[in-house]
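A short worksheet on the structure shown next.
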Amino acid sequence: MTNNANRVDKLLLWSLVILLLVVPAKQAAAVSVTTISSDASYATVILPITTDGIKLYFGVGNSIDSTPLAGGAPSVLYGGVTCCNVLGLTTMGSNLYWTDPNGGPITDTQISTASSAGGGPVTHIYTGSSVGQPIVDGAGLTTDGTKLYTSDEVQGRVHSLNPDGSAITLLGSRYSGGFNTEHYTKITQTGGVLYVVDAGGVTPGGTFTPGVFSISTSGGAFATLFSGGPLVSPDDIAVGNGKIYLTDEGADTIWQLPLGGGTPTPVVSGGPFVDPRGLTFLNNTLYVTDPGAHAIFKVDLVPEPSTWLLLGTGLIGLLGYGWRRSQSGANHSPSINGDQGANGRVFSTASLDEGHRR
């Protein structure tokens with residue numbers, strides 16, 4: 001009996017090794033990339049992408065298209081809604097909001113809204129030249145469900161505004177200069193914090209290093225979460241699972257780093273990506289637009305089935321080992337039944353069982 005028990009204990013301990021060592025390694029590697037939509041029109045320039053949990057919405061040049069969450073052929077919701085390119089796109093309730101940094105009458109920023117169902121009227125809630133251009137070249141757009149937030153290519157500024165375009169408030173700026181230092185930035189938010197990715201690059205006013213920054217939705221100082229290589233030319237940013245995710249068209253890579261900052265590590269690098277641009281996160285999945293591949297990709301971040309099998313094996317081992325230990329303790333702790341013999345001795349059921357087995 002003792003040898004058999006030892007063998008069982010060894011098997012259970014090996015199950016624990018699987019749980020503690022093998023499963024984390026498998027989980028980290030469990031990423032799959034699937035093409036969910038492909039269309040020649042995406043080569044025009046498919047950039048931002050967002051979701052309301054039911055559909056995907058994305059900018060294709062100066063139009064806004066959609067597909068079901070599972071993908072498929074695109075449907076044009078709003079064609080030719082701006083003069084140039086839709087660069088920022090987000091959803092709030094049943095409405096879409098988008099920005100074109102050159103969409104106004106004097107190539108000034110214009111922010112617009114319309115129903116996510118498509119076909120409705122388009123309302124311009126912000127036109128820079130009409131209000132003194134506090135947002136000069138607004139490229140990025142996000143929301144916390146109450147306010148809109150923009151990232152500006154000029155001075156790296158971040159503003160908040162109401163869904164009707166009122167109460168425009170400067171939250172912070174990161175660098176000086178005007179059009180001579182402008183360069184691409186995008187923005188997202190979670191938990192009262194705004195996260196900004198800066199593409200970096202060479203401008204007439206100086207050279208900028210690519211990086212990731214954060215600022216409170218109420219304003220204040222920017223925090224640098226990471227700056228420099230391995231980032232080459234990051235394009236968009238999303239948050240989820242306690243991490244920041246970035247597309248990097250210069251490295252053909254999807255990066256991840258902790259919300260609190262740190263060195264980016266690759267999620268996926270190289271093929272099938274050719275020119276990864278737009279990015280959004282939903283339910284452990286990243287959705288990526290790629291004009292070079294004429295496609296929208298789905299990147300599943302959840303563990304693959306074999307990982308769940310290993311995890312189950314490890315958990316069974318953990319429970320089994322605990323049960324074996326408890327049974328072993330019970331077999332070596334005599335229970336007193338209170339019966340006495342004629343000579344006043346007290347007998348335990350455990351000792352009687354041992355005598356019976358002998």
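The values are calculated or read from the model by the stated rules, or taken from the named source; none is laboratory data. Remember, predicted model here, so these are calculated numbers, not experimental data. Note that we place each Cβ from the backbone using ideal geometry, even for glycine, and neighbour counts take in every protein chain shown.
For the range 77-98, enumerate the residues that are surrounded by fewer than 22 Cβ atoms within 10 Å (Cβ to Cβ), among the small types (G, A, S) and in contact with a Leu (Cβ under 9 Å, 6 or more places away or on another chain). Once the filter is applied, which keeps residues that are surrounded by fewer than 22 Cβ atoms within 10 Å (Cβ to Cβ), among the small types (G, A, S) and in contact with a Leu (Cβ under 9 Å, 6 or more places away or on another chain), the range 77-98 yields nothing. Annotation note: Cβ proximity below 6 Å between a residue of the range 105-129 that is assigned to a helix (DSSP H, G or I) and a residue that is among the hydrophobic types (A, V, I, L, M, F, W, C) and loosely packed, with under 15 Cβ neighbours inside 10 Å (sequence gap 6+ or interchain) occurs for S129/I106. Just so you know, in the range 275-300 the residues that are aliphatic (A, V, I, L, M) and either modelled with pLDDT under 95 or part of a strand (DSSP E or B) (or both) include one that is farthest from W255 (Cα to Cα), and it is A295. For the range 59-97, taking the residues that are of a type in the set (G, A, S) and assigned to a strand (DSSP E or B), the one that is nearest to D137 (Cα to Cα) is identified as G88.
Note on the range 152-205: among residues that are of a type in the set (F, W, Y) and surrounded by 21 or more Cβ atoms within 10 Å (Cβ to Cβ), the one that is modelled with the highest pLDDT is Y195. Per the listing L13, L20, L56, the residue uniquely assigned to a strand (DSSP E or B) and either modelled with pLDDT of 95 or more or over 18 Å from L301 (Cα atoms) (or both) is L56. Scan the range 95-108 and tell me whether some residue there is in contact with a Cys (Cβ under 6 Å, 6 or more places away or on another chain) and not polar (S, T, N, Q). The answer is yes; a qualifying residue exists. Selection of the range 157-178 for residues being of a type outside the set (K, R) and either within 21 Å of L47 (Cβ to Cβ) or without any contact (Cβ under 8 Å) to a residue 24 or more places away in the chain (or both) yields V158, H159, N162, S166, A167, S173, S176. Exactly one of (1) at pLDDT below 95; (2) under 26 Å from W98 (Cβ atoms) is unmet by W255. Its number? It is condition (1) that W255 fails.
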